[in-house]
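The values are calculated or read from the model by the stated rules, or taken from the named source; none is laboratory data. It should be emphasised that the depicted structure is a prediction, and the values quoted were computed from it without experimental measurement. Don't worry about glycine lacking a Cβ; one is built from the backbone with ideal geometry, like all the others, and counts go over all protein chains shown.
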Amino acid sequence: MPSPVKIAVLGASGYSGIELLRLLLRHPNAELVAVTSRTLAGKALSAEFPRFRGVGVADQLTFTNPEVSALKDTGAEIAFLALPHGVSVEFAKPLLEAGMKVIDLSADFRLRSAAVYKEFYAHDHAAPELLDEAVYALPEVRPEAIRKARLIACPGCYPTSILLPLIPLLKAGLITADPIAVSSMSGASGAGRNASVPLLFCEVQNSVRSYSVPSHRHLSEISQELAIAAGRDVPISFVPHLVPTHSGICSTIFATPAAGVTLDQISAALNAAYADQPFIRLLGANQSPDTKNVVGTNFVDIGWALDQRAGRLILMSTEDNIGKGASGQAVQNMNLICGFEPTAGLLNI
């Protein structure tokens, strides 16, 4: 068995940070040596989150302030950044200079263009010199680059659910240049663990609403990665919706198939891309995925159909937004970097 890798988690008090702790405390090849949170500094990990009592080293760890020199002294080899956009970038460079590899769950290193980042996030990028080095880390799409990387940009939750069904079909030329339309739904945990009136139980329960129309921030990385796959710009409309659940994402994608494309060709392209991928479950033609089957896991379930009357290809996917859409995918990337089993620490469902 490989030697455990020493891990630090920065920003361990949000939903993604808590999920990271859950996965890493049980990971057979990981040794959690530091957890940081400015708001929880000085508090015992298992006292703040009683669910972790008696699990791994949770009873021995205390939250600290995020100081790079102190993190280096712990011997941490990999730092997970579960920090807000615009904050992760402040730590990435000094952590890299301290010799750690960085796995960032924020959007700070997902985009290759500093100008596009400013357009969608409304401020200048603080370390544009690192954008060319960062690897946009979809494990099923870019495994070799991830294995060699020291700066990992984990994809957003919505983009993961949209890119995985589309990329193989764009690469195979099975979709035309007509605009793609996407309708996605997410549980309230996707907005983070913050006090916010629109996310109060009484505001969310028994209601569904769209938001961030027409330019949700994730549209930037979706467009970037679709263009890379297709070798051309890919026009796309993306409308997210908030639904009254804790977690889970359901995306429905509408695209125009190339002339003469059949369901068998769609199926063959998806199977060729993902048949050997442990966390992609291809349900088959005319099968609709359900969020209840992926919440709490690192799986993405994908189904597809051809609407002959409308001349449209319909792709459907579900995932856990804080699992495969965030922390689970981050751990999957760590497994690639470290040469661990791809499923290590990710099949406890």
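Each residue in the range 14-67 was checked for being under 19 Å from Val87 (Cβ atoms) and of a type in the set (D, E, K, R), and 3 of them qualify. Any idea which of Asp301, Asp276, Asp307, Asp290 is surrounded by fewer than 19 Cβ atoms within 10 Å (Cβ to Cβ) and touching a Ser or Thr at 6+ places or on another chain (Cβ under 8 Å)? Of Asp301, Asp276, Asp307, Asp290, the one residue that is surrounded by fewer than 19 Cβ atoms within 10 Å (Cβ to Cβ) and touching a Ser or Thr at 6+ places or on another chain (Cβ under 8 Å) is Asp290. Does Asp264 fit the bill of being over 23 Å from Ile18 (Cβ atoms) and touching a helix residue (DSSP H, G or I) at 6+ places or on another chain (Cβ under 6 Å)? No: the conditions fail for Asp264. In the range 301-329, the residues that are over 28 Å from Ile103 (Cα atoms) and acidic (Asp, Glu) reach residues that are in a strand (DSSP E or B) and at pLDDT 95 or above with C-beta atoms within less than 7 angstrom, at least six apart or across chains, in these pairs: Asp307/Ile314.
Residues considered: Val295, Val261. Of these, the only one that is of a type outside the set (Phe, Trp, Tyr), buried (at least 21 other Cβ atoms within 10 Å of the Cβ) and not in a strand (DSSP E or B) is Val295. Taking every residue in the range 130-141 that is surrounded by fewer than 20 Cβ atoms within 10 Å (Cβ to Cβ) and pairing it with any residue that is among the aromatic types (Phe, Trp, Tyr) and assigned to a strand (DSSP E or B), at least 6 positions away or on another chain, yields no pair with a Cβ-Cβ distance below 8 Å.
Of His216, His241, all but one fail to be touching a strand residue (DSSP E or B) at 6+ places or on another chain (Cβ under 6 Å) and surrounded by 18 or more Cβ atoms within 10 Å (Cβ to Cβ); the exception is His216.
State all residues of the range 238-264 that are out of contact with any Leu (no Cβ under 9 Å at 6 or more places or on another chain) and at negative phi; if no residue qualifies, say none.
Correct list: Val239, Pro240, His241, Val243, Pro244, Thr245, His246, Ser247, Ile249, Cys250, Ala259, Asp264.
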